[in-house]
1. Can you pull out every residue in region 165-175 that is open to solvent by 20 Å² or more (accessible area, probe 1.4 Å) and either in contact with a Lys or Arg (Cβ under 7 Å, 6 or more places away or on another chain) or touching a residue at least 60 places away in the same chain (Cβ under 8 Å) (or both)?
2. So which pairs qualify, if the first residue must be in region 208-232 and surrounded by 13 or more Cβ atoms within 10 Å (Cβ to Cβ), the second must be of a type in the set (Lys, Arg) and modelled with pLDDT under 95, the Cβ gap must be under 8 Å, and the two must be at least 6 apart or on different chains?
3. Select from region 194-207 the residues that are assigned to a loop (DSSP other than H, G, I, E, B), surrounded by fewer than 22 Cβ atoms within 10 Å (Cβ to Cβ) and more than 13 Å from the ligand (Cβ to nearest atom) and list them in ascending order.
Amino acid sequence: MSDIANIVILTGAGISAESGIATFRGPGGLWEGHRVEDVCTPQALARDPELVHRFYDARRAKLAEVSPNPAHAAIARLDSAWPGELLVVTQNVDDLHDRAGTRRLLHMHGELKSALCAACGHREAWEDSLPPRAACPACGAPALRPDIVFFGEMPYHMEAIERALSRADLFVSIGTSGAVYPAAGFVQTARYHGAETLELNLDRSEGSGWFGESRLGPAGVLVPQWVDSLLG
Ligand code: APR
C-alpha cells in the first residue's frame with residue numbers, strides 16, 4: 001500500500017446499518033410495505049406525492065435518532081490525515097458522513113436534508129417535513145421536492161467521480177450490494193485505470209468478483225482496521 005497516493009471510497013447503506021438505519025435490500029428493507037424502487041421514482045412523485053413525501057419525511061426524521069458509527073469516524077479521520085487525493089462518494093442520503101466530519105465528500109444520490117425546486121433548481125437546506133407543493137423560497141413556484149436522485153434520474157457529480165476514478169491508485173467499496181448502477185460499475189472503471197480494489201462488506205455482493213480483495217464483516221470493525229493500516 002506504500003505507493004498509494006489517490007484514493008476513492010464508495011459507501012452504501014451498509015456503512016450506516018450499525019447506526020440503526022435500515023439497508024434497502026436486507027431484512028426490513030421495505031417501508032410501509034413498499035419497495036424503495038416503487039416509491040423513489042418521478043412517476044411515483046407525480047402519481048402520489050403524499051406517499052413519496054411521507055417516505056422521505058420519515059427517513060429525514062430518523063436522522064435525529066441516529067449518530068455516526070466507528071466506520072464513519074474512521075473515514076473522517078482518513079479524510080483529514082490523508083496527504084494525497086481522496087474522495088468519498090456516498091450513495092447514502094443520510095448525513096452521517098457529514099456529521100462525522102468528512103469534507104471531501106459527494107452525495108451522488110442526493111441528501112435528505114436538502115430540498116430541490118423542480119422549477120428553478122434552487123436548493124434549500126431542509127430539516128423538517130416537506131409538504132407536497134411547498135413554495136420555493138427563490139422562485140415561489142409550488143415545486144419543492146426531496147433533493148434525492150430517483151430511479152431513472154441521473155446521479156449527481158458524475159463528471160467529478162469519473163475524473164477521480166481515472167486517477168485513483170486505490171478504490172474501496174464499503175457496505176454496498178453492487179445492485180445499482182452507475183455506482184456498481186465504479187470498480188470496473190477503477191480497475192481499467194489500474195487501481196487496486198478492495199471491498200469491505202458484511203456479505204459477498206453482486207460485485208465481489210471484480211475486487212482484488214474482499215473482506216467480509218461489519219463496517220464498524222473492518223473500516224477502522226483498514227484506516228489504521230493506511231495511517232499507521
Ligand atoms: N457492515 C458492512 N456492510 C453491511 C452491513 C454492515 N454492518 N450491513 C449490511 N451491509 C451490506 C449488505 O451486505 C449489502 O451488501 O450493505 C449492503 C447494503 O446493500 P443495499 O441495501 O442494496 O444498499 P446499497 O447498496 O447502498 O443500495 C444502493 O440502491 O435503493 C437504492 O438509492 C438506493 O443508494 C441506494 C442504492
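The values are calculated or read from the model by the stated rules, or taken from the named source; none is laboratory data. Just so you know, these numbers come straight off a predicted model, no measurement behind them. Methodologically, a virtual Cβ is constructed for each residue, glycine included, from the backbone with ideal geometry; neighbour enumeration extends over all protein chains shown. Just the protein is used for accessible areas: all its heavy atoms, side chains included, with ligands, DNA and RNA removed. Shrake-Rupley method; radii C 1.70, N 1.55, O 1.52, S 1.80 Å.
1. 167, 169
2. Every condition considered, no pair remains.
3. Step one: list which residues in region 194-207 are assigned to a loop (DSSP other than H, G, I, E, B), which gives 194-195, 202-207.
From what is left, the residues that are surrounded by fewer than 22 Cβ atoms within 10 Å (Cβ to Cβ) are 194, 202-204, 206.
Scanning region 194-207 gives a single hit, 194.
Residues checked against (1) under 25 Å from residue 62 (Cα atoms); (2) open to solvent by 70 Å² or more (accessible area, probe 1.4 Å); (3) within 16 Å of the ligand (Cβ to nearest atom):
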residue	(1), (2), (3)
155	yes, no, yes
160	no, no, no
186	no, no, yes
192	no, yes, no
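Residue by residue, here is whether (1) among the small types (Gly, Ala, Ser); (2) touching an Asp or Glu at 6+ places or on another chain (Cβ under 7 Å) holds:
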{"site": "151", "(1), (2)": "no, yes"}
{"site": "182", "(1), (2)": "no, no"}
{"site": "186", "(1), (2)": "no, no"}
{"site": "190", "(1), (2)": "yes, no"}
